[in-house]
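One structure is given below, encoded as structure tokens.
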Amino acid sequence: MRVLGIDPGTAIVGFSILDFENNRFNVIDYGCIYTDKDMPMEDRLCKIYSELTEIIKKYSPSEMAIEELFYFKNNKTVISVGQARGVIVLCGRQNNLVINHYTPLQVKTGITGYGKAEKKQLYPVGLFRPAPADPEYGRPQPAGGYDARQSRQ
């Protein structure tokens, strides 16, 4: 079974492609979809949809594992991330993927056995690593792609 893992966002969508065979997950690919903060929201959502469609066509997953939203202090942020998440779920459904939703607590519990683990606690396990700098944006690349590749484990 091939799974597309998603860590939703507006500026950055983390994704992973995992194969599940012999009771193990094997990482096939992972990365991020970036949108520019200066783009209109509708254009950002279109870019997420288009790039995700290309990823689905390239790797042919049968399922999508997507992280649920959690409480944000900024209402504007939660609305925009919710819009992106909706576009991502729509893209998956229109490409006939089975959609599975997981809370951040479920993802961390599945990996470490402790739902409140921090990302730095996962580095020694080798499941997450600090991401390299992203030269296009001149800032450290967030761990979104790394989160997404773990969302089904």
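For region 1-60, a residue qualifies if it is among the acidic types (Asp, Glu), surrounded by 13 or more Cβ atoms within 10 Å (Cβ to Cβ) and closer than 20 Å to Val81 by Cβ, and the qualifying residues are Asp7, Glu51.
Only one of the numbered conditions (1) surrounded by 15 or more Cβ atoms within 10 Å (Cβ to Cβ); (2) modelled with pLDDT under 90; (3) over 15 Å from the mean Cα position of the chain (by Cα) is violated by Lys73, and that is (1).
For region 61-71, the condition of being without any contact (Cβ under 8 Å) to a residue 24 or more places away in the chain, on the phi < 0 side of the Ramachandran plot and not in a helix (DSSP H, G or I) holds for at least one residue. Any chance you could count how many residues in region 102-120 are surrounded by 14 or more Cβ atoms within 10 Å (Cβ to Cβ) and modelled with pLDDT of 85 or more? Residues that pass the stated criteria total 1.
When residues in region 78-93 are screened for being in contact with a Ser or Thr (Cβ under 8 Å, 6 or more places away or on another chain) and either free of Cβ contacts under 8 Å to residues at least 40 places away in the same chain or closer than 14 Å to Ile6 by Cα (or both), 3 of them pass. Just a yes or no: is a residue in region 78-90 at pLDDT below 95, more than 17 Å from Gly14 (Cβ to Cβ), out of contact with any Asp or Glu (no Cβ under 8 Å at 6 or more places or on another chain) and not polar (S, T, N, Q)? Looking through region 78-90, at least one residue is at pLDDT below 95, more than 17 Å from Gly14 (Cβ to Cβ), out of contact with any Asp or Glu (no Cβ under 8 Å at 6 or more places or on another chain) and not polar (S, T, N, Q).
The values are calculated or read from the model by the stated rules, or taken from the named source; none is laboratory data. All of these numbers come straight from a predicted model, not from anything done at the bench. Counting neighbours? That spans all protein chains shown, and the Cβs are built from the backbone with ideal geometry, glycine included.
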